[in-house]
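The values are calculated or read from the model by the stated rules, or taken from the named source; none is laboratory data. Treat the numbers as computed from the prediction; the structure is a model and nothing was measured. All Cβ positions, glycine included, derive from the backbone under ideal geometry; neighbour counts span all protein chains shown.
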Amino acid sequence: MPLHLDPGLRRDDMMNRLRHALLAAVMVTAIGVAAPAFAADMNKTLHVAFVAPENGFDPQATSDLYSNYVNREIFDPLYRYDYLARPYKVIPNTATTLPEVSADGLTWTIKVRPGIYFADDPAFKGQKRELTAADYVYSFKRLIDPRLRSSNAQIFDDRLIGAKEAIDAAKKNGKFDYEAAFEGAQAIDRYTLRFRLLYPAYDLLADLTSAASAAVAREVVTAYGDASGWVMEHPVGTGPYYLKSWRRAQQIVLEANPNFREFHYPESTQPEDRALLARMHGKKLPAIGRIEIAIIEESNPRLLAFEKGELDYITVPTDLVPKVLNGDKLKPEYVERGIVHHRGVQPSIVYTYFNMEDPVVGGYTPDKIALRRAISLAYNNEDEIHVIRLDQATSATQPIPPNVIGHDPNFKGGATYDVASAKALLDKFGYIDRDGDGWRDLPDGKPLKLVLASDPSAIYRQFDELWKRSMDAVGIRIEFTKQKFPDTLKAGLAGQLQMWGLANTATNDNGSTFLDLLYGPHKGTSNLSRFDLPEFNALYDKAKRMPNTPERTQLYRKMSSLVIAYAPWKLHTYRIENIVVHPWVLGYKYNTFDPHAWMYYDIDVERRRAALK
């Protein structure tokens, strides 16, 4: 469960509370230990769409949101969020209970549930392959293997005893030693996992719900891994679905895993869940045999496919909100069809990062800071919210978004749209037109040109136009480089982009992961901006050792203030999402951290058939 510890407690009392809270949590009854009983109806297909291409299906290597949605259905972390509980609550998944935590918070013992099996695969040479504690240890080592360049390495890289030494040795030798044991993560026996931590890691439990911490089988990596150790095209997990087919950037097809353990729709005593339970109570999951995911980047075809019943639910495209909603309410013609509307603020931050190592926009000297701040002031964020996003967003005030731990509603940062101030700042630091061509130059007389990476889809053309108008207004030349998301991501990881606008979305309630995106030691993995400020890094190191208290929130405020001051990011928005669901989709409950929780859904085939006649 998320930890809300009394800030007045002594450290030993805090640890005891943590340990007893974890041990006292009730195991959900949805998980059983019986042999798998295949429940999925292979005649049922759920049709969904992604708005951007996926990158691949290796839980330790992937960093994009759409690949992660698929990974969550194929692979199993130790813990998950209770699908129905609000507020959100962490419960066991493949673990038997929540962790047993020592009094000092430095030793965690976790029991893995026996009788869980990987999907069948030739890598197992005809044997039924059981999930064990050693699989998690191997997967955690993969996560910190420098060769993988995982954007989620921060889950373990400085928390586990011996992890840093293993990473340093791998960098020196050019290869991670998977045979060498390190004290931080060990399989004590076939089903017992033990963590030894360098400090009490209060956010670790939330991180253990992520797909990045899920188990993979070493045999699969050995059989199918590429030169980087990635297994993007041949995922094999213990989750409810397996990858049936994949046409890159076009279609992903999942089918129910026959080896999946017995699992039932969860229980709930919350009044708002009564209608769900009336149709889903006690149902074996997954109920749907096949998931077909289409990649539909343009808005109009996506909405049209939903209206024709070719997609079972969609997130309403921002530019088409007026076609579906009156204000924040569903239009009557949709209500009459039984379509249900869900609305919420995403746990995500939209921003444009500046490469802090770029010779034009990077650096920490006053003139470089002034340039980035002027660009941020000149960008018309109001037009983004009102014109492009049609008021389905609010201005971002800090790197940590709403709905996650660490967001401070009283912190008011971010650059206000102010063209006059932007011009004055540029003039003051020597960014003036020196050659009379109408464009500002660098203080040394060289041309000042911005290059922004951008997606090829129609909605991003609107963002490009807004950036162009905003920079034209202050005399800064800007150009755009266009390529698909997976290719842009590779360039970003390699530090080859000057600027890139993107969003990061949480899959758990740990807000510190957003600050990790600016943590210097993680340059080239999660930290695409390559921001490396010693003061920020020191605050991050201090905060990660603290429980969720006002003292930690104060450190987060200081880090947010440094981000505003040095401007490695132009903060844009917190997005509001609107999801519309056809009435034949059963079991759907809006989930802030997982809007595609397919294993919990069912399809009323007859109602769908009747509606589409």
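Only a single criterion out of (1) over 30 Å from Y556 (Cβ atoms); (2) among the small types (G, A, S); (3) surrounded by 13 or more Cβ atoms within 10 Å (Cβ to Cβ) is not satisfied by A453, namely (1).
Tally the residues that are over 22 Å from A49 (Cβ atoms) and surrounded by fewer than 19 Cβ atoms within 10 Å (Cβ to Cβ), restricting the search to the range 563-586.
First pass over the range 563-586, keeping only residues over 22 Å from A49 (Cβ atoms): 563-574.
From what's left, surrounded by fewer than 19 Cβ atoms within 10 Å (Cβ to Cβ): 565.
Qualifying residue count, the range 563-586: 1.
Give all pairs with beta carbons closer than 6 Å in which a residue from the range 392-419 that is under 16 Å from R557 (Cα atoms) meets a residue that is among the β-branched types (V, I, T) and in a loop (DSSP other than H, G, I, E, B); count only pairs at least 6 apart in sequence or on separate chains. Between residues of the range 392-419 that are under 16 Å from R557 (Cα atoms) and residues that are among the β-branched types (V, I, T) and in a loop (DSSP other than H, G, I, E, B), the close pairs are G406/I400; H407/I400; F411/T397; K412/T397; G413/T397; G414/T397. Of the conditions (1) at pLDDT below 95; (2) surrounded by 16 or more Cβ atoms within 10 Å (Cβ to Cβ); (3) of a type in the set (A, V, I, L, M, F, W, C), A181 clears all except one; give me its number. It fails just one condition, (2). Scanning the range 554-591 for residues that are more than 22 Å from the chain's Cα centre (by Cα) and β-branched (V, I, T) gives I564, V581, V585.
Whether a residue is assigned to a helix (DSSP H, G or I) and assigned by TED's automatic domain parsing to the domain that holds A215 was assessed, and A123 passes this test.
Return the only residue of I110, I91 being of a type in the set (V, I, T), more than 24 Å from F57 (Cβ to Cβ) and in contact with a strand residue (DSSP E or B) (Cβ under 6 Å, 6 or more places away or on another chain).
I110
Within the set P286, P235, the sole residue that is touching a helix residue (DSSP H, G or I) at 6+ places or on another chain (Cβ under 6 Å), modelled with pLDDT of 95 or more and under 27 Å from I144 (Cβ atoms) turns out to be P235.
Count of the range 363-390 residues, restricted to those that are more than 22 Å from A473 (Cα to Cα) and in contact (Cβ under 8 Å) with a residue 12 or more places away in the chain, is 3.
Of the residues making up the range 473-512, those that are of a type in the set (S, T, Y) and assigned to a helix (DSSP H, G or I) number 2.
Taken over the range 539-563, the residue count meeting the criterion of being aromatic (F, W, Y) and touching a residue at least 40 places away in the same chain (Cβ under 8 Å) is 1. Screening the range 396-455 for residues that are among the polar types (S, T, N, Q) and either more than 22 Å from the chain's Cα centre (by Cα) or outside the structural domain of R552 (by TED's automatic domain parsing) (or both) and picking the one that is modelled with the highest pLDDT gives S421.
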